[in-house]
Each structure stands twice: as C-alpha cells, then as structure tokens.
Amino acid sequence: MWADLVCFCRRRPGFVAGWLALVLLLALASPVEAVPPGQISWTSQVAAAYRALGAKDPDPKTRNPDYLAGRLVDQAFLGKQLRLPDDYDPALAIIRKRGSSTFYYMTARTKYIDHVLSHEAAAGVEQVVILGAGLDSRAYRFAKQFPKLKFFEVDLPATQDYKRQRVEAVLGSLPAGVTYVPVDFDKDDLGQTLARAGYRKDRRTLFIWEAVSYYLQEAGVRATLDFVAQQAQPGSRLVFDYLTREALDKINSGEAGQRGAAARAKRGEPFLSGIKRGTIRGYLTKSGLILVEEVEARDMVGRFLIGSKGQVLGLPSRSVRLVLAEVPAPVR
Ligand SMILES: C[S@@+](CC[C@H](N)C(=O)[O-])C[C@H]1O[C@@H](n2cnc3c(N)ncnc32)[C@H](O)[C@@H]1O
C-alpha cells in the first residue's frame with residue numbers, strides 16, 4: 001500500500017502539493033480564538049525564552065534583568081519552537097544578527113515593568129496582581145527586596161499548573177508570598193475569584209498586565225480595565241502594554257507580520273484587539289482610569305536600550321506601547 005502511495009505521489013506531484021497546501025491553509029485559517037483547554041500557553045514560553053536570551057547580554061546596562069527566565073522556560077523550546085540553537089549564547093548572537101525588534105521590545109518591557117514594580121513597592125504598595133502571569137518571575141526575583149509584598153498570579157489553569165511545576169523544580173518549593181489564582185478572563189468573574197483568593201480591595205495594589213491585552217477580545221480588555229478602576233484602592237496602578245490598532249489592521253489585511261500571526265493562530269493565541277495610536281488617554285478615561293505615562297519605541301531606546309559604551313542595543317517594535325495608569329481618588 002505504501003509503495004502504491006509513493007508511486008502515486010511521484011506521478012502526480014502537483015496534485016499532492018495542491019492538497020497539502022489546501023490542508024495547511026484550512027488549518028491556519030480555522031478560527032481558534034483561545035488557548036485550547038489543557039494546553040500550556042505557547043506565547044508565555046516565547047516571552048520567557050526571549051527574556052532568557054536577553055539575560056545573557058554581556059553588557060549589564062542592556063541585559064534583561066530576568067535572570068530566572070532561563071530556568072523557568074524549557075531550554076529545548078529555543079530549538080524546537082523558535083528555530084534557534086539550544087544554547088543561549090549562540091541563540092542570542094543569532095537573534096541580535098536578525099535585529100529582532102520584538103526581542104529589543106521585550107528587553108525594554110521587562111526593564112520598564114521591573115522599574116515600576118520597584119518604585120511602587122518602595123512607595124508602599126502592599127499587593128501585586130499579575131494578570132496572565134505566564135512564566136513571569138517577579139514574585140521570586142523581588143521576594144528578598146520586598147518580603148512583605150503579597151503576589152497574586154492569575155492565569156489559565158493549564159499554564160498555571162505548568163508554572164507551579166517549574167517554580168518548584170527551580171526553587172525547591174512554592175513560596176509563601178505567592179497565591180496562584182486560576183482564572184479564565186473570558187468566562188470567570190475576576191473580582192470574585194481574586195477576592196476568594198485573598199485579594200483586598202482596600203489595599204493599594206500594583207496590577208501587572210504584560211503581553212496579554214492583545215490576546216483578548218475588546219470586551220475582555222474593557223472588562224479588565226473596569227475591574228481595576230472599580231475594585232482597587234485609589235492610588236493603585238496598572239502597568240500594561242497594547243498593540244496599536246494600526247499594526248493589528250496591517251496584520252489582519254495580510255500587509256505585515258504574517259509568519260508570526262500564523263504561528264500564534266496555530267497555538268490558539270492570535271492577536272484579537274488593538275488600541276488606536278494617540279487615543280490611550282481617552283480609552284482609559286472611559287473606564288475611569290488616569291494615564292500616568294505612555295512609553296513609545298523612541299522613549300524605550302533612550303531609557304532602556306543604551307549600552308555601557310553609549311551604543312544602541314537595537315530598535316524595539318513600534319507596534320506595541322507601554323502604559324502606566326492610575327486609579328483616581330473618588331470625586332466628592
Ligand atoms: C504572551 S503570554 C504573557 C505571559 C506573561 N505575562 C509574560 O509577559 O511573560 C499571555 C498570557 O495570558 C494568558 N491568557 C491568555 N488568555 C487568557 C484568558 N482568557 N484568561 C486568563 N489568562 C489568559 C496566557 O495563559 C499567558 O500566560
């Protein structure tokens with residue numbers, strides 16, 4: 001039977017190639033719009049792998065500060081999923097040669113959010129809620145410096161189970177200061193679930209929502225902003241990033257980013273929403289939040305990507321922006 005099949009393929013290569021192309025197209029075009037239940041988020045591993053690569057930068061000024069990423073993510077992920085060498089040093093050399101704007105953006109993003117966390121913790125924040133935590137290592141990296149800080153890590157159950165296994169393997173046990181809260185933003189009531197897990201809305205809080213908003217429908221983005229505005233103590237802050245609507249439109253119309261889009265869609269994690277450039281202040285105001293600052297690519301270069309000799313590490317993607325927002329005091 002195999003011999004017949006091989007013979008047929010040899011005789012009709014065009015026909016076989018056509019069918020294969022059609023099957024591939026249908027697989028990529030199928031509207032998968034969520035991480036399939038039981039599957040570990042692929043993009044959370046990509047983000048951690050990029051941080052792990054950035055942490056190998058020999059220059060301490062541009063090095064990604066996430067020194068735990070390389071232990072939390074499976075090193076084989078580099079080769080199997082990112083078509084890079086399994087070793088971090090040669091993989092970093094290749095990424096830098098490619099001039100990956102996503103890689104430079106991720107380095108700037110880690111540094112910015114770490115900076116916000118240090119600042120907020122020093123200013124008296126008591127809780128940190130990490131929404132869509134993936135392999136975020138801040139609860140472990142900052143534990144010594146801020147031992148009283150209580151962390152809540154919120155994520156889909158399968159990704160969170162994997163994370164807990166990795167943390168136990170790396171640290172030997174799960175730290176007492178971290179509460180793991182399994183939540184599906186699309187289905188569960190975030191406020192109720194967090195409250196049951198011990199979140200206190202009368203305590204000043206920092207919410208970290210890194211690399212998540214663009215994987216949610218617009219309604220999910222709005223619901224999260226509303227939740228923070230309505231169920232957090234005034235003075236609490238939210239740090240997050242968003243994809244510009246302009247970039248999303250280019251991806252959806254096939255003008256740009258097709259390889260990445262196909263890879264994400266295949267794993268059930270397509271980009272679903274974006275915010276128009278220049279509208280973030282009004283977008284936040286609609287939920288009752290105040291814009292503290294928005295950080296664009298050119299600001300990221302100056303703040304986070306200049307090396308010890310004054311050289312620019314690389315140019316970050318202009319499709320994504322960082323935002324810091326605040327819950328205002330109620331008007332009397
Ligand atoms: C790109 S990863 C970012 C992970 C982490 N914040 C980081 O920057 O490394 C997106 C994260 O959002 C989570 N996520 C996506 N959709 C979700 C949903 N509907 N409910 C809860 N978490 C979700 C995924 O499980 C994943 O951990």
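The values are calculated or read from the model by the stated rules, or taken from the named source; none is laboratory data. Being a predicted model, the structure only gives us computed values, none of them experimental. Counting neighbours? That spans all protein chains shown, and the Cβs are built from the backbone with ideal geometry, glycine included. Calculation scope for accessible area: heavy atoms of the full protein, side chains included, ligands and nucleic acids excluded. Shrake-Rupley method; radii C 1.70, N 1.55, O 1.52, S 1.80 Å.
A few remarks follow.
- Under-5 Å amide H pairs with residue 212, H placed in peptide plane, nonlocal only: 241
- In sequence order, calculated HN-Hα J values of region 306-313 (Karplus, 6.51, -1.76, 1.60; Hz; x Gly/Pro): 9, x, 4, 9, x, 7, 7, 4
- Applying a DSSP loop filter and a limit of 16 other Cβ atoms within 10 Å to the trypsin sites (Lys or Arg not before Pro) in region 201-256 leaves 201, 203.
- Cut-off under 5 Å, modelled amide H: who pairs with residue 256 long-range: 251
- Each of the GluC sites (Glu not before Pro) that DSSP puts in a loop and that has at most 14 other Cβ atoms within 10 Å breaks the chain; the longest unbroken stretch is 34-254.
- Between residue 89 and residue 144, full extension at 0.36 nm per residue minus the direct alpha carbon distance yields a gain of 17.0 nm.
- Solvent exposure of the chain, expressed per residue, is 50 Å² of accessible area, with all protein chains present and a 1.4 angstrom probe.
- Between helix 88-98 and the chain there is an angle of about 80 degrees, using the helix long axis and the longest principal axis of the Cα atoms.
- Placing +1 on each Lys and Arg Cβ and -1 on each Asp and Glu Cβ, with no other charges, gives region 42-326 a dipole about its Cα centre of roughly 520 debye.
- Solvent-accessible area, 1.4 Å probe, carbon plus sulfur percent, for region 200-332: 49
- Portion, in percent, of the accessible area of region 53-112 that falls on carbon or sulfur, probe 1.4 Å: 51
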